[in-house]
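Worksheet: one structure, shown below.
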Amino acid sequence: MPSSTHRTQLLVLGAGPGGYGAAFLAADRGLDVVLVNDDAAPGGVCLHRGCIPSKALLHLAHVVETARDAEQWGLTFAEPAVDLEKVRAWKDKTVGNLIGGLSSLCKLRGIDYRQGWATFVDAQTVRVEGPGEGTFAFDNCLIATGSEPVKLPFMPNESHRVLDSTSALALKEIPESLLIVGGGYIGLELGTVYAALGSTVTVVELTDGLLPGCDRDLVRPLQKRVAGLLDSILLNTKVAAVKETRTGLEVSFEGEGAPASQSFDRVLVAVGRRPRGNGFGLENTGIALNERGFIPVNETRQTVLPHLYALGDVAGEPMLAHKATREGKVAVEAILGEATVFDPRAIPAVVFTDPEIAWCGLTETQAKAQGLTVETAKFPWSASGRALTMGRPDGLTKLVFEPETHVVLGVGLAGVGAGELIAEGVLAVEFGATAEDLAMSIHPHPTRSETVAETAEGHFGQSTHYRQPDKH
Ligand code: FAD
Ligand code: NAD
């Protein structure tokens, strides 16, 4: 080892929720840790240009929409005047506070944070180029390099009018008209934000429904509400061509719902993300990517090389922050020699639209695809006292059961606050709770959490506030 090479017990490549969570745990357990990332501070995509800035802006959108709803309840507010500079400042401050917190937690733990681009020299060594440059030899390494937006080859991708989630979150301006390509998580979350801030938003989606893969009954309340917020939703449609003109982007469409070509001020491409497995010398380690571009790992997130682990978006779907965090912890536990495994029954998914959609465990769609026999029970939020007091009866609680045992296999929610409520579903599925367990646990009144207990009661044909149509 050349004298200029630093030796460390653990090198963590990528400081997103997977990487920093793992680095923090490893340092707390006494390992000497180097954490490398190309940003000046930890947080990754999630904190710098993903989960957190988008949720700050979605909060504003929710305030705007709630103020509009209030008119029906006898409270009339003026239409919002958007001070874009202040909005940006508020979002950036929120992100900045969290970045500051993570940076101090890193220092307090004695982690050597290195800003720069990391490249594997070989399977034992990483070279970092940038402000924190250096060469590092490690005992173990965690690869948590995340993912990046998929680009469409026919888009004028260099044009300032073509946005991805990062540039859309920078919120340089509020375009008059915005076309969003992709009706998935990002398209719907950022579509909600821009529409609430004043853009005329069109969403074009390739498949026959928004959020493909999600149970249709959960998507319905969202589809209904966004129909009033967005200018149009084009399903079964794709963008055929895009031409930049002096005043905008001229877009032509193909497919079932294809309208005539239209001009838009901006186009946001949100057609998925791909794992970031290239560009950092992975080939120098001998690890090969799988056919979908992910780094193959086992149940402790170990790669084919026993001292190299991979986790988070680069190691497989779902590409969600909390999944990355748990995987990172499992990888560190494995390095410490503890008995551990990444084998969750329920990874929650939340789409932070209005209403929110959340699910965990087995969905009805998955059960059908896998040929599994399941039973379901549902409770419409129009029968929930709490949802009505909030003027938001547009929601649904749904449970998926194993028929013989009544064990809860999956939970689905649509409605305001569904993202917080799904945590109960995660516990139910992970702990193997039955419908009886949920029905007999006393839920506070009046809350939307009661809908979970009432859905479980409804499975047996009796719930206080709703008669299950198929159980009588
Ligand atoms: P990342 O967070 O992607 O971090 C990887 C880091 O490694 C990055 O900073 C990257 O620049 C750095 N890096 C990569 N290669 C190198 C290298 N060679 N050298 C140095 N540094 C490198 N998930 C949720 O669960 N909830 C949400 O609400 C949510 N909202 C989202 C909103 C948006 C707009 C986007 C884009 C994503 C959102 N996600 C959300 C997904 C979430 O951001 C990811 O699942 C999560 O960030 C993955 O974490 P990670 O640790 O795998 O990697
Ligand atoms: P996505 O996979 O959620 O949605 C992409 C959508 O684009 C799909 O509906 C797909 O059918 C459609 N599509 C694909 N090609 C198309 C084309 N040519 N024309 C029209 N439609 C097309 O992807 P995303 O919205 O880009 O988000 C990427 C990932 O980031 C998500 O899958 C998720 O893992 C993560 N994310 C999570 C959250 C959250 O947890 N709330 C928020 C944002 C992003």
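The values are calculated or read from the model by the stated rules, or taken from the named source; none is laboratory data. Quantities reported herein were computed from a predicted structural model and do not represent experimental measurements. Cβ: placed from backbone, ideal geometry, glycine included. Neighbour counts: every protein chain shown.
Tabulated data
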quantity: Qualifying strands (runs of 3 or more DSSP E) (wholly inside segment 69-139; at least 2 residues being touching a residue at least 40 places away in the same chain (Cβ under 8 Å), of a type in the set (Val, Ile, Thr) and more than 23 Å from Leu197 (Cβ to Cβ)); calculated: 117-122, 125-129
quantity: Flag if Gly182 is within 16 Å of Arg273 (Cβ to Cβ), in contact (Cβ under 8 Å) with a residue 60 or more places away in the chain and within 14 Å of ligand 1 (Cβ to nearest atom); calculated: yes
quantity: Residues satisfying the stated conditions in segment 414-451, i.e. at positive phi and in contact with a Phe, Trp or Tyr (Cβ under 9 Å, 6 or more places away or on another chain); calculated: Gly415
quantity: Filtered residue count, segment 335-365, keeping only those that are on the phi > 0 side of the Ramachandran plot and free of Cβ contacts under 8 Å to residues at least 12 places away in the same chain; calculated: 1
quantity: Test result for Leu218, within 16 Å of ligand 1 (Cβ to nearest atom) and of a type outside the set (S, T, N, Q); calculated: no
quantity: Any pair with Cβ under 7 angstrom, 6 or more apart, that starts in segment 429-442 at a residue that is free of Cβ contacts under 8 Å to residues at least 24 places away in the same chain and ends at one that is surrounded by 13 or more Cβ atoms within 10 Å (Cβ to Cβ) and not hydroxyl-bearing (Ser, Thr, Tyr); calculated: Ala439/Ala453; Ala439/Ala456; Ala439/Glu457; Ser441/Ala453
quantity: Residue selected from segment 357-387 under the condition under 20 Å from Phe431 (Cα atoms) and aliphatic (A, V, I, L, M), by the criterion surrounded by the most Cβ atoms within 10 Å (Cβ to Cβ); calculated: Ala358
quantity: Failed item in (1) crowded, with 20+ Cβ neighbours inside 10 Å; (2) closer than 10 Å to Ala377 by Cα; (3) touching a His at 6+ places or on another chain (Cβ under 7 Å), with Gly461 passing the rest; calculated: (1)
quantity: Test: residue in segment 75-87 that is away from ligand 1 (no atom under 12 Å from the Cβ) and closer than 30 Å to Phe280 by Cβ; calculated: no
quantity: Some residue of segment 394-405 being in contact with a helix residue (DSSP H, G or I) (Cβ under 7 Å, 6 or more places away or on another chain) and surrounded by fewer than 14 Cβ atoms within 10 Å (Cβ to Cβ); calculated: no
quantity: Residue match in segment 164-172 (condition: more than 16 Å from ligand 1 (Cβ to nearest atom) and in contact (Cβ under 8 Å) with a residue 60 or more places away in the chain); calculated: no
quantity: Enumeration of residues in segment 366-394 that are part of a loop (DSSP other than H, G, I, E, B) and closer than 17 Å to Asp470 by Cα; calculated: Thr373, Val374
quantity: Candidates Val219, Val239, Val204, filtered to the one that is under 19 Å from the mean Cα position of the chain (by Cα) and either surrounded by 16 or more Cβ atoms within 10 Å (Cβ to Cβ) or within 9 Å of ligand 2 (Cβ to nearest atom) (or both); calculated: Val219
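The rows are residues; the columns are (1) within 16 Å of ligand 2 (Cβ to nearest atom); (2) assigned by TED's automatic domain parsing to the domain that holds Arg49.
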| position | (1), (2) |
| --- | --- |
| Asp83 | no, yes |
| Gln115 | no, yes |
| Val121 | no, yes |
| Asp139 | no, yes |
| Ile143 | no, yes |
| Ser177 | no, no |
| Val181 | yes, no |
| Gly184 | yes, no |
